[in-house]
1. Could you check region 22-79 and list, in sequence order, the residues that are charged (D, E, K, R) and either open to solvent by 40 Å² or more (accessible area, probe 1.4 Å) or part of a loop (DSSP other than H, G, I, E, B) (or both)?
2. Determine which member of the set Glu140, Glu88 is among the acidic types (Asp, Glu), surrounded by 10 or more Cβ atoms within 10 Å (Cβ to Cβ) and modelled with pLDDT of 60 or more.
3. Would you mind telling me which numbered condition in (1) surrounded by 10 or more Cβ atoms within 10 Å (Cβ to Cβ); (2) free of Cβ contacts under 8 Å to residues at least 40 places away in the same chain; (3) assigned to a loop (DSSP other than H, G, I, E, B); (4) small (Gly, Ala, Ser) Gly3 fails?
4. Under 7 Å by Cβ, and 6 or more places apart or on different chains, what pairs join a residue from region 27-45 that is more than 24 Å from Ala12 (Cα to Cα) and without any contact (Cβ under 8 Å) to a residue 40 or more places away in the chain with one that is of a type in the set (S, T, N, Q) and open to solvent by 90 Å² or more (accessible area, probe 1.4 Å)?
Amino acid sequence: MIGFPLLLIPLAIYNIIVFLMPGVSFADPVLKLTLMSDVDWPVNLSDMLLALSVLMLMFEVIKGARPGAKYLTDHLLSLVVFGAAAAEFLLWPKFGTSTYFLLTLLALVDFLSGVALRTRRGTQLASAPAVSRRGAPKAETAAPEPPFEPQSAPAPSAAAPAAESVPLDRAEPKIVHPEVTTHAPSPEVPSPGLQPGDGSHPSPDAPR
């Protein structure tokens, strides 16, 4: 977006009065203001143009102070306005007045202030990364991390020799399955009714 040079407004008004209204005088009072001291202050056309130019210059400085507001085209337009005003002041007889000289001077101030603000903004942006890079190692060296010191295990005391023999790892309990015992066969007892001659086994108590 190209910014409009505001100081072109009072310069254009001066040109309009000179070329289109040749009978208008810049020194004739336009109005009179009564101050608190009961003094009449006559305000002419030159004073009004200068006051308007000062206000326009203030707005131009405010625009240039905003971040990213002034581009190269804006500075070139301000330079063109100053060059045209200076040429009219030096070459045209009707522009050789103190009023127009002050208007040309304000146009020069507008151009120089815009260039100075842009240069300062560029310097700050260029120095910001360098400052951040320099501050990083300083912050690291200011607060070094404490070295890690391993803690030594306490020496075993002589008063507890039995504790050393106790294993640290507990043995897992073993499941003991009960063994199934087989009963021995009972001895055969012969029936008392059977005799040896019957073909059965002889009784151990019978006489031989």
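1. Result: Asp28, Lys32, Asp38, Asp40, Asp47, Lys63, Arg66, Lys70.
2. Just a single option satisfies the conditions, and that option is Glu88.
3. The number of the failed condition is (2).
4. Note: pairs meeting the criteria are Asp40/Thr34.
The values are calculated or read from the model by the stated rules, or taken from the named source; none is laboratory data. Owing to the predicted nature of the structure, the values given are computational and were not obtained by experimental measurement. All Cβ positions, even for glycine, are placed from backbone atoms using ideal geometry, and neighbour counts span all protein chains on display. The protein model used for the area step is the full one, side chains on, heavy atoms only, and it has no ligands, DNA or RNA in it. Shrake-Rupley method; radii C 1.70, N 1.55, O 1.52, S 1.80 Å.
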